[in-house]
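The values are calculated or read from the model by the stated rules, or taken from the named source; none is laboratory data. Just so we're clear, the structure is a prediction, and the values are computed from it rather than from any experiment. Positions of Cβ are generated from backbone atoms using ideal geometry, with glycine treated the same way; all protein chains shown enter the neighbour counts.
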């Protein structure tokens, strides 16, 4: 788990993860979430199809496709201090009620757990019972903050949008020759807000 592709936007990360997952030669295991609206009176106002379509940062998708050998990232802390939010591991075994991931040489069972979106962007609360995982061949630059990687692929086809983001991406490894950059332009714009300097 010493290498990753970093991108500034979730949609780029999703596209890269989907493409690389399709190329992984192992069997796909599809897990469909069990969902519910917390307030039963509101449940009739929001169709199941709508709840299933909600994609929010920090929440696994309604339909989660996993494969053995796939790198994934935990979206919740389930066994501190080893298995914390943001921990990356490799799927070793896919079972009906749990998946087994390898982190630091240790095999860990990861169960389905009830998850709620952390932000309050919806006028209702809902819960999704799913594995707290996302594929992680690629991850956002923000999610990579604080991690050390040996090899980085940096996807800059979409521009950096926040102060310090390019620095965070480039400083995940200590060696310049360990970074490969993909950009649609010759130069990447480094966003700096001089007001905070």
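Identification of strands (runs of 3 or more DSSP E) wholly contained in region 116-197 with 1 or more residues that are farther than 25 Å from residue 24 by Cα and in contact with a helix residue (DSSP H, G or I) (Cβ under 9 Å, 6 or more places away or on another chain) yields 126-130.
Of the residues making up region 84-121, those that are more than 17 Å from the chain's Cα centre (by Cα) and either crowded, with 22+ Cβ neighbours inside 10 Å or touching a residue at least 60 places away in the same chain (Cβ under 8 Å) (or both) are 94, 121.
When 80, 61 are screened for being within 22 Å of residue 139 (Cα to Cα), buried (at least 19 other Cβ atoms within 10 Å of the Cβ) and either more than 14 Å from the chain's Cα centre (by Cα) or modelled with pLDDT of 90 or more (or both), only 61 passes. Just a yes or no: is a residue in region 64-72 at pLDDT below 90 and outside any loop (DSSP other than H, G, I, E, B)? Within region 64-72, not a single residue is at pLDDT below 90 and outside any loop (DSSP other than H, G, I, E, B). Listed conditions (1) in a helix (DSSP H, G or I); (2) over 27 Å from residue 148 (Cα atoms) are all met by residue 31, apart from (1).
The residue of region 33-58 that is surrounded by the fewest Cβ atoms within 10 Å (Cβ to Cβ), among those that are touching a strand residue (DSSP E or B) at 6+ places or on another chain (Cβ under 9 Å) and under 30 Å from residue 104 (Cβ atoms), is 57.
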